[in-house]
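Notes for the one structure printed next.
We did not get these values from a lab; they are worked out from the coordinates using the rules stated. Quick caveat: nothing in here was measured; it's all calculated off a predicted structure.
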Amino acid sequence: EARAPMVPERTTPAPPALAEPPALAEPPTAPAVVPPVVPPYSPLAEIERIHRERDPLRSVGIGLANPQVRIGIDRLSFRVRSSAAGYLYVLMLGTDGHFYKLFPNAIDRDNRVRADTSIELPRSGWRMTAAGPPGTNHLIAIVSERPREFSASGLVEVDPFGEFPPERASQVAAEHRGTQSPFIGTPSCPDTGRSCPDAYGAASFTIVEIAPDRR
């Protein structure tokens, strides 16, 4: 019986496997922009800030007649002495929570001081008797090389002092972008094209108000 010759089967080669396209890299994610944290407004923090940013070469000393005064009886009284001549400003956070510019004021506007010469405040015409409530008055005496202007600080004139109203002061603090406290004002200089010196010395201190002795 004749047999057909063996014919090898022809196999069609499989097409080469297609390589998977490389995965596309995800675009880098931009870092989230975190807005700067603005601390809540605090008059005491502003007093501390003014003191912290003072020029240490312009020394200011304070002498207290009495660091503790009785409400309705004793007067607040202190002396300021500066190593450099300049213009004196006094701010106070009172026991009533109000933030004041005590000096200069509507009664006493002459705030020029000489070097190494003491000035006693309050002066005649605006004596201050402790009015309460009991607590601690926080004060800072600033001797600036140049006169300072307070219109941008939200200062409101109240007879005879100036006051930084809480709502307006909070807005001023939130919008301020300078390094110095907005409540120290800005230096005023003649328009000569030169930079205006912003140096100042400062000393902070406290006067405690207590209830009168009822014994």
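Whole-Å semi-axes of segment 146-193's equivalent ellipsoid, largest first, each the root of 5 times a Cα gyration tensor eigenvalue?
Working from the Cα gyration tensor, I get semi-axes of 21, 16, 7 Å.
In the calculated pair distance distribution of segment 122-215, what percentage of Cα-Cα distances lie above 24 Å?
38
What does the convex hull of the Cα atoms come to per residue for segment 118-159, in Å³?
Per residue, the Cα convex hull of segment 118-159 comes to 153 Å³.
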